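Where a number appears in this text, it was derived from the coordinates with a stated rule and is not lab data. What you see is a predicted model; the values in this text were computed from it and never measured. Please note: Cβ atoms are built from the backbone with ideal geometry, for glycine as well, and neighbour counts cover all protein chains shown.
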Amino acid sequence: MDERQMKTNQKIFDKRNQKRANPILKLSNLADLKENDLERLTALMLGRQGYDVERNVWIRGKSDERYDIDIYAEKQKWLGIVRGYSLIAEIKNSEIGIDSIISYKLIFEDISSRLKMNQCMMVTNKSFTSEARKYAEDFEINILDREELTKKLEENGLIWLTKKEEK
């Protein structure tokens, strides 16, 4: 079996696992996730939204610089029409400040000037500073903090709330 066929088989296996509707995480555990586990959970969430997801991908920008991208995701069908839609995501398990947002924006611009990229997003199980939120909003960077991530995970059946947490 060649490498390409192995990747295809892995994608098929991953898609089967993504269809399970059972939540895999309690909300109270979200803040304690390590970055790698948060990355896996985010990839699973994007997969359930119809993206083909790859983790820890090296992508070369127009500047010829290579970047380690936490998540690269693409959809071939978007809004019922066949076309490419792709995004890159940076995952952190710490509070994110404006410096991180600015540097990731520069990475996105370098990559998207070489490849067709539609969106970049940053995900954390903590929070964003107010300056980081403002910059992200001004430059259309999709950000998910703990609260927004929780909503997305609930929508995709990946998290459940105990009665105490629902209040």
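Select from the range 76-159 those GluC sites (Glu not before Pro) which occupy a DSSP coil region and have at most 16 other Cβ atoms within 10 Å, ordered by residue number.
Those that pass, being in a loop and sparsely packed, are GLU95, GLU140.
So for ARG60, ARG48, fewest C-beta neighbours within 10 Å to most, what's the order?
ARG60, ARG48
Exactly which trypsin sites (Lys or Arg not before Pro) in the range 94-126 are in a DSSP loop and have at most 16 other Cβ atoms within 10 Å?
ARG114, LYS116, LYS126
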